[in-house]
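Single-structure report; data block below.
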Amino acid sequence: MANIYKRAFLKHKIVSLADANLSVASAAVLYGLSVYTVFPVSKTSKGLVAFRLRDHYQRLVNSARIIGLDTFEPAWSFEKFTKVVKELVAANKPTKDVFVRATVHVDELVPGTRSRGLSTSLSMFVYEAKPILPQDGARLKTSVWRRIPDYAIPSRAKVNGAYVNSVLARQDAIDCGYDDCIFLDGHGHVCELSAANIFIVRDGVLITPDTMSDLLEGINRKTVLELAHDLKIPVVERGVDLTELYIADEVFACGTSAYIASVKEVDARIIGTGSIGPITQRIRDRHAKLLRGSDPTFANLITYL
Ligand code: PMP
């Protein structure tokens, strides 16, 4: 289980984690009607820094908009959100890198299956940052479960209830002895992992499924694309066939909790040399600096807490 810090935020105040609870009759519990994001806070020589906080806040707002949770946005602002992050992190005094999970819950009791005009509350808690994938040589299995399409539960909204889809697919992969799944979309194209986006390298070109592939528009996916431009690595966003993974020179996954994880095996086939490839290594090295605000080109992506 994750190591969770003792102070949490719920309904406009910092409380002990044990008291940060929602009713069993809330729509959040009944239908998984909540949207969330997770962002990293790193301990650096210049203090604690959050990575791409504005993007995380905006994705939370966008997720709420897509689902039709219309009481969150008018009640909050990025400035107010940042103030809570600062206060909560300070209250927990983390001694290591942490993740902060911020969730907008529909806390209205038994509202029936609808979304508009319902009461919402923001929660946040802090937990120890640990990668969800082996960083060197993750092993992936194509899932028998397909990614929920945009026309069913939109993947670009980070909706709690939709994570049943990820749980099914990742558990199947674990049961088969792998670290994580590869989701295909409804057309059989490569989509993402259970909680990370995917990139492949073929002949020096970085390729990732485009945003029409029913994936979550990951903030680290966007970061990798920006990094690739800066590193002058050619990059293409397009549909990706499963068999392209098998013959790729490099495959890696990226995400807040995946960091940049090199993939060594997909469906019992070894990828490239079986070791981390040169482009993955370059991206990983720069990404690690970005997270801590020690890369001058991308220093604006950091919020000092
Ligand atoms: N896809 C899914 C389904 C995820 O849950 C995550 C983790 N948030 C990602 C991709 C990666 O997104 P991010 O880079 O914003 O963490």
note = residue 104 vs (1) farther than 28 Å from residue 152 by Cα; (2) within 16 Å of the ligand (Cβ to nearest atom): all pass except (1)
request  = Return yes when residue 71 is surrounded by fewer than 20 Cβ atoms within 10 Å (Cβ to Cβ) and in contact with a strand residue (DSSP E or B) (Cβ under 6 Å, 6 or more places away or on another chain) and no when it is not.
outcome  = yes
ask   = Restricting to region 236-253, what's the tally of residues that are more than 24 Å from residue 131 (Cβ to Cβ) and away from the ligand (no atom under 15 Å from the Cβ)?
value = 9
inquiry  = Within region 149-196, take every residue that is charged (D, E, K, R) and touching a Phe, Trp or Tyr at 6+ places or on another chain (Cβ under 7 Å) and give me the one that is farthest from residue 103 (Cα to Cα).
reply    = 172
request  = Looking only at region 120-131, decide whether some residue is surrounded by fewer than 22 Cβ atoms within 10 Å (Cβ to Cβ), closer than 25 Å to residue 275 by Cβ and within 16 Å of the ligand (Cβ to nearest atom).
outcome  = yes
Residues located in region 53-68, provided they are in contact with a Ser or Thr (Cβ under 7 Å, 6 or more places away or on another chain) and buried (at least 18 other Cβ atoms within 10 Å of the Cβ) = 53, 56, 59, 60, 67
task = Could you tell me whether region 50-57 includes any residue that is farther than 22 Å from residue 301 by Cα and in contact (Cβ under 8 Å) with a residue 24 or more places away in the chain?
result = no
Conditions (1) within 13 Å of the ligand (Cβ to nearest atom); (2) within 30 Å of residue 20 (Cα to Cα); (3) of a type outside the set (Phe, Trp, Tyr); (4) out of contact with any Cys (no Cβ under 7 Å at 6 or more places or on another chain); number of the one not met by residue 196 = (4)
ask   = Considering only strands (runs of 3 or more DSSP E) fully contained in region 1-50, which possess at least 3 residues that are buried (at least 18 other Cβ atoms within 10 Å of the Cβ)?
value = 7-10, 34-44
request  = Of the conditions (1) under 30 Å from residue 46 (Cβ atoms); (2) within 15 Å of the ligand (Cβ to nearest atom); (3) not in a helix (DSSP H, G or I), residue 276 clears all except one; give me its number.
outcome  = (2)
query = Say we look at region 254-271 and pick out the residues that are within 17 Å of residue 206 (Cβ to Cβ) and part of a loop (DSSP other than H, G, I, E, B); which of these is nearest to the ligand (Cβ to nearest atom)?
reply = 258
ask   = Are any residues in region 85-131 of a type in the set (Asp, Glu) and closer than 15 Å to residue 15 by Cβ, and if so, which ones?
value = 87, 107
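The numbers here are math on the coordinates, done by the rules we state, and not lab data. Predicted, not measured: the structure shown is a model, and the values here were computed from it. As a convention, Cβ positions derive from the backbone with ideal geometry for all residues, glycine included, and neighbour counts pool all protein chains shown.
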